[in-house]
Amino acid sequence: MDRRSFLTAATASLFLPASQTLPTSASRTLRADPFTLGVASGDPSADGFVLWTRLAADPLSPDGRGGMPGRDLDVEWQVATDERFSSIVRSGTATARSRDAHSVHVELTALEPGRDYFYRFKSEGRLSPEGRTRTTPTGEQPLTFAVAACAHYEHGYYTAYRRLAEQEPDLVVFLGDYMYEYGPSGYTALAGRVRTHTPGKCATLADYRLRHAQYKSDHDLQHAHAVAPWLVAFDDHEVENNWAGSVSSTGAPGFAERRADAFRAYYENMPLRRGSLRGAVLRINRRVSWGSLARFHLLDTRQFRDDQACLDGVRAGCDDRLDTGRTLLGADQWRWLEDGLSGSDTRWNLLGQQILMAQRDYKVGPGREVNLDSWDGYAPERTRLLSSLSGTSNPVVLTGDAHMHHQADLKTDFDDPDSPVIARELVTSSIASDGDGYRDRTWIAEALAENPHISYIDQRRGYLMARLTRDDLSVDFRTLDYISRKGAPAKTAHRLTIPVGEAAEHRR
Ligand SMILES: [Fe+2]
């Protein structure tokens, strides 16, 4: 069976009625299928990956416990080299602990590099859907990867996840706003609302667990997880809009506890390695190499930052944003990144990060207004980062957050037309946030005229699909015309090819 037919089979199994799951000898103690949240894998290495599932017989149970009993349950798992599971190469039993919301994170090692693997779980007499994942290669084999972000559940159907899955990338890079913390209609899209969040704004561990379960119940999202390993990173909405380090954007008390609860629920619902949650810190800045072809440097631009300057927002005339003492990455992550960039021996270096790095003037005409939550609010550190990147082999920056596709040139001085291009920034639009897109050509022309280093903007929903080889990086900016109804096709609205050696464009 080839990849295409696996996908069909996997889809079919996602929708198998419970009565058609395989019979087993285990005693059945749950009346309902506990695999309602699908399966996932992540953080591949040359010899392994992490496998994830979370048991939830009743995903929308208001207490966030997924309708599960208050005891630990065994979950068997299998890894095979074929989609029929006739050649099982690893198997074992994990414990889905009640205190972890019955999630399991299984870390595999000592597998073969550069190949597909198939996996599934079994618990309480039920079999999970199957997933496909991959180990990374050891050489310069090509890589097809998707980049996605921002999936507000109320704003539209997850057709973009479905289309992304149909393209069967080797890897999915998710750059934040996987879920939103708002209560019903807490953030309304122009196109309205097609679905409704679980009650209330997320404030407690139970709220966050329940919201994640609601999102994970979506079959298009489950499908996207089942076709490839993901590299996930959170931004703000997995906790709260525009939080910064230890500071809530609303100033509400108890933020430390709320953040810890949100991190815990995020970890429980994501294919992250077990060591990533360390007390109240969730470490997501990490490196993942794709053989000698590429290294992903995933950043955390939220957890270690100083508070936004000038009370946040899109504003003019904020001198504090130019204070050289302010940090977005924090001292430890900064050192980690510098070490990783200077020590990298791969052909390409891909920075996966959350917020717009290019300068962006939102004011049409004279004067300038910038978004103080993005890198514009931390401009001196951006200059330092770009200076470091200028010595890195073929750097490319991948970004989420903006809810619009952007293609930009990154420079140490955006106001100087002669300032050399250090790297390109590729910003993915949202999967769903802001609802049906549109294409306002006048608005786009004005935005591009204000920002000559930005060469493409698209306000429609979508994702990026990139093909990386030793010779070039080719990126399709994929768009959908609507998500308020199901079934929109995805189109390539724009394509960029960066030949190796031309990621930076030095002054002639
Ligand atoms: Fe977002």
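The values are calculated or read from the model by the stated rules, or taken from the named source; none is laboratory data. Please read all numbers here as calculations on a predicted model, not as lab measurements. Reconstructed Cβ throughout: ideal geometry from the backbone, glycine too, with neighbour counts over all protein chains shown. Note: accessible area is taken over every heavy atom of the protein model, side chains too, but ligands, DNA and RNA are not part of it. Shrake-Rupley method; radii C 1.70, N 1.55, O 1.52, S 1.80 Å.
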Residues of the stretch 236-256 being open to solvent by less than 40 Å² (accessible area, probe 1.4 Å) and assigned to a helix (DSSP H, G or I), in sequence order, are Phe255
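So that you can scan it fast, the table gives a plain yes or no per residue for (1) assigned by TED's automatic domain parsing to the domain that holds Asp43; (2) over 20 Å from Tyr158 (Cβ atoms); (3) touching a strand residue (DSSP E or B) at 6+ places or on another chain (Cβ under 6 Å):
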site	(1), (2), (3)
Thr204	no, yes, no
Gln214	no, no, no
His219	no, no, no
His223	no, no, no
Pro229	no, no, yes
Asp235	no, no, no
Ala244	no, yes, no
Ala252	no, yes, no
Ala256	no, yes, no
Quick one: in the stretch 391-435, which of the residues that are open to solvent by 10 Å² or more (accessible area, probe 1.4 Å) and within 16 Å of the ligand (Cβ to nearest atom) is farthest from Leu231 (Cα to Cα)? Asp434
For the stretch 454-467, does any single residue satisfy the condition of being farther than 14 Å from Thr428 by Cα, open to solvent by 50 Å² or more (accessible area, probe 1.4 Å) and not in a strand (DSSP E or B)? no
Pairs returned, first residue in the stretch 257-279 that is open to solvent by less than 10 Å² (accessible area, probe 1.4 Å), second residue that is of a type in the set (Gly, Ala, Ser), beta-carbon separation under 6 angstrom, 6 or more apart or interchain, are Glu268/Ala101; Glu268/Ser103; Pro271/Ala40; Pro271/Ser41; Pro271/Gly42
Residues being over 19 Å from Leu350 (Cβ atoms), in contact with a Leu (Cβ under 8 Å, 6 or more places away or on another chain) and away from the ligand (no atom under 11 Å from the Cβ): count how many of those fall in the stretch 145-182. 8
Return only the number of the condition from (1) open to solvent by 10 Å² or more (accessible area, probe 1.4 Å); (2) aliphatic (A, V, I, L, M); (3) within 15 Å of the ligand (Cβ to nearest atom) that Ala206 does not satisfy. (3)
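A quick yes/no check of all residues on (1) among the hydrophobic types (A, V, I, L, M, F, W, C); (2) open to solvent by less than 80 Å² (accessible area, probe 1.4 Å):
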position	(1), (2)
Asp74	no, no
Val79	yes, yes
Phe85	yes, yes
Arg90	no, yes
Thr95	no, yes
Val106	yes, yes
Ala110	yes, yes
When you scan the stretch 209-221, how many residues do you find that are buried (at least 23 other Cβ atoms within 10 Å of the Cβ) and in contact with a Lys or Arg (Cβ under 7 Å, 6 or more places away or on another chain)? 0
The listed residue being within 16 Å of the ligand (Cβ to nearest atom) and either modelled with pLDDT of 95 or more or not small (Gly, Ala, Ser) (or both), out of Arg347, Arg360: Arg360
Evaluate the stretch 107-127: report whether one residue or more is touching a helix residue (DSSP H, G or I) at 6+ places or on another chain (Cβ under 6 Å) and away from the ligand (no atom under 15 Å from the Cβ). no
Look at the stretch 423-447 and say how many of its residues are hydroxyl-bearing (Ser, Thr, Tyr) and over 26 Å from the mean Cα position of the chain (by Cα). 1
For the stretch 209-255, give me each residue that is away from the ligand (no atom under 14 Å from the Cβ), of a type in the set (A, V, I, L, M, F, W, C) and touching a residue at least 40 places away in the same chain (Cβ under 8 Å). Leu210, Ala213, Leu221, Ala224, Ala226, Val227, Ala228, Trp230, Leu231, Val232, Ala244, Val247
Find all pairs meeting these conditions: Cβ atoms under 6 angstrom apart; at least six residues apart or on different chains; first residue within the stretch 149-162 and at negative phi and open to solvent by 10 Å² or more (accessible area, probe 1.4 Å); second residue away from the ligand (no atom under 13 Å from the Cβ) and in a helix (DSSP H, G or I). Tyr153/Tyr215; Arg162/Asp220
Out of all the residues in the stretch 129-181, which are of a type in the set (Lys, Arg) and either closer than 21 Å to Val79 by Cβ or in a loop (DSSP other than H, G, I, E, B) (or both)? Arg132, Arg134
